[in-house]
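One structure, pasted below without further comment.
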Amino acid sequence: MRFVLWALLAYPLLLFSQGFNELIVLAGTESPRQSVLYRVMEANIHEEAAPILLHYSLLKRILAEPVRTPLSEQPTNFPKDWHVFQHAGTTNKLLLLIPQKYLGRRKAELPATHDIETLVFECGFNTKHLKRITDNSPKNLIAALQAIAPEPSEFNFATALKEILLSVKKSKPATAAEEKIAAQAKAEEMPWLFYWLGHGAPPKTLRPRTLPHKIPSAEGAVRNAVLYLNLQDDLIKGLVARKDSLLPVLQTSDRHKIMDATSKFSANFEDPFYYAAQIFAQLESQLPELEEIRQNKSQTSLALEKSPQDSNLKAKFTALQKEETDLNERINDQLAENSKLLNGSLETALRKLNEERANMVSTLDKAQQELKMALAQQSTMLPATALVGGIPKDDFLESIKFLNTNLNVSFLAYVSCFSGGVNQQFVQDSLKHLQANFLVATFGVGEKSVSVGLNNFNFNDYFSLLRSYFSPKKLAQRPAKKKSDQTDPLVTILKCVMNPGY
C-alpha cells in the first residue's frame, strides 16, 4: 500500500496572525502497547512538541507499562516538565497534557501572563472545564488516574471537545479577565493546527441471520467469471506477443532466424503455432540436401579452376547451380505459403479468443448485477456504526462541524483505518455541506487498514513546517498551483508523521 494524501479546500484560506494553536488528538480508549495510539503518545512525550488530548487509560498504560524501545529508553522529564489537566465537564475521562516547552514558546507570542491557567487559556483551552493536577509526580499521577472510573463508558467526544477548546467565535467569558483575553484572541483569530489519530472501522451491514443461497452463489459466479476473464486475457496477450515476434522473422526469409524462432513452438495441432513447427520440420529436412549441393558445387568450382577446358566439369557445375537455384526457389515458395497459412491461423485463433472473451465479459456483468441485486435485497448499510478517527462517524463529523464553526482552523490531518471508501465520502460530504474553510488531509485509500512506521514520528518538524506553510507571509507570496505541478509541500510535511512505505 502506498502513501496517499486526500485533501479538501472549499474556500480560500484567510490570512492569519503569526501565532498558532496546536494539538495532537488521540481519540480512543485503552490500547495495546504495540498500537499506533500508544506509540504516538510516547513519541510526543519525548519530543514535547505540542499538547495532547487523550483518554486517561492511555496515559495510565504508559506510566504503568512503558514500552522497551530505543525511544522509551531515552531520558525523559515526563511528567515533571508537563502540565496535566483533567476534563471536568460532561466526562472526566479525557486528559490534556501540555509540555512546559510549548507554553514557553507561546508565552513569547502572547500577552504577559503570571499563572499557568491564564497562559493555558490564552493557548486556546477553556480552563473552566479543565482541572489541573498540580502534583503530577508519577506516584500521585498514577493515583489520580486510578481514581477515575475504571470501566470505559460511552461519551460524546464532540461535546467534550466543545468544552475543552475555547470557542473564539462564540465564546461567553464569565469574568472580566476572561472577557479581555477572549477579545484579544478573537481579534487575533489564532488559527489551529491539528494531528488527529484514532482507530477506524467501516459501517456495519445488516443482513438476515441466514443468508439465502443465491448470495453466496452469485458471489461465486463473480469470482469464477473474473478468474476466467483474467486467464483469457493472458492467452490473448501471449498469442499476440508470439505472433508479433514470429511474423517479422518469416518476412525476412532468414532460415536460421526462422529455425531459432520456431524451435520452441509446440507441435500440438491444436496450438495455432502448429504451422510454425511444420515450417521448421520442412526446412530441417531440406537443408541437408541444399548443403550437400553447395558442397559439390564448391568442389566442382575448384576442379574447374585447375582444368578450365574440361566440358564435363562445366556441365556438372551448371547442373549443380541449377539444382541449387531450384531447391532455393522451392524452399522460398514453401516459406511464403506456410507464412500465409500461419498468419491466417493466428488471425483465426485471435478472433476466436476475443469472441470467447466478449462472452466472458457478458457473463461477468450479468453475475455482478445478480450479486448487486441480491445484496441490495438482503443487506442494509448502517452508516452510524462507522468508526472514524477513533470515535463514531457522527461524533467525528460533529467535531469537524465545531472546528469549522467555532474555531479558526488552518489544517487538520487525521489518521484512521478504513479512512477511504465510504468513510471518506462521509467526511467529504460533510465538509462540502459545511463549506469548510480549512484543509483536511487523511491517509489511506479504499476500505482497508493502514499502517504507519511506529518509529517515524517527528512532531516538532510537523508543526514547525505547518507554521511556516500557513504563515501570513507565505500565504501572501504563494503562487497559484498549476494543474501540471505534482509537487506539494504538504506531502513533505505529512511524511514527518507518516511512513509513506506502508
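Any residue at all in segment 285-301 that is touching a Ser or Thr at 6+ places or on another chain (Cβ under 6 Å) and open to solvent by less than 80 Å² (accessible area, probe 1.4 Å)?
No, segment 285-301 contains no residue that is touching a Ser or Thr at 6+ places or on another chain (Cβ under 6 Å) and open to solvent by less than 80 Å² (accessible area, probe 1.4 Å).
Something else now. Output the residue which, of all residues in segment 79-127 that are out of contact with any helix residue (DSSP H, G or I) (no Cβ under 8 Å at 6 or more places or on another chain) and among the basic types (Lys, Arg), is nearest to residue 191 (Cα to Cα).
So the residue we want is 105.
Kindly indicate whether residue 349 is of a type in the set (A, V, I, L, M) and open to solvent by 30 Å² or more (accessible area, probe 1.4 Å).
No.
Looking at segment 429-440, can you tell me whether even one residue there is open to solvent by less than 20 Å² (accessible area, probe 1.4 Å) and assigned to a loop (DSSP other than H, G, I, E, B)?
yes
Quick check, is residue 134 farther than 21 Å from residue 26 by Cβ and either at pLDDT 80 or above or open to solvent by 60 Å² or more (accessible area, probe 1.4 Å) (or both)?
Against the criterion (farther than 21 Å from residue 26 by Cβ and either at pLDDT 80 or above or open to solvent by 60 Å² or more (accessible area, probe 1.4 Å) (or both)), residue 134 qualifies.
Which of the residues that make up segment 88-105 are assigned to a strand (DSSP E or B) and within 14 Å of residue 121 (Cα to Cα)?
Answer for segment 88-105, where residues must be assigned to a strand (DSSP E or B) and within 14 Å of residue 121 (Cα to Cα): 96, 97, 98.
The values are calculated or read from the model by the stated rules, or taken from the named source; none is laboratory data. In this text the structure is predicted, and so the values were computed from the model without any measurement. Every residue, glycine as well, gets a Cβ built from its backbone with ideal geometry; the counts of neighbours run over all protein chains shown. Keep in mind that these areas ignore ligands, DNA and RNA; they rest on the heavy atoms of the full protein, side chains included. Shrake-Rupley method; radii C 1.70, N 1.55, O 1.52, S 1.80 Å.
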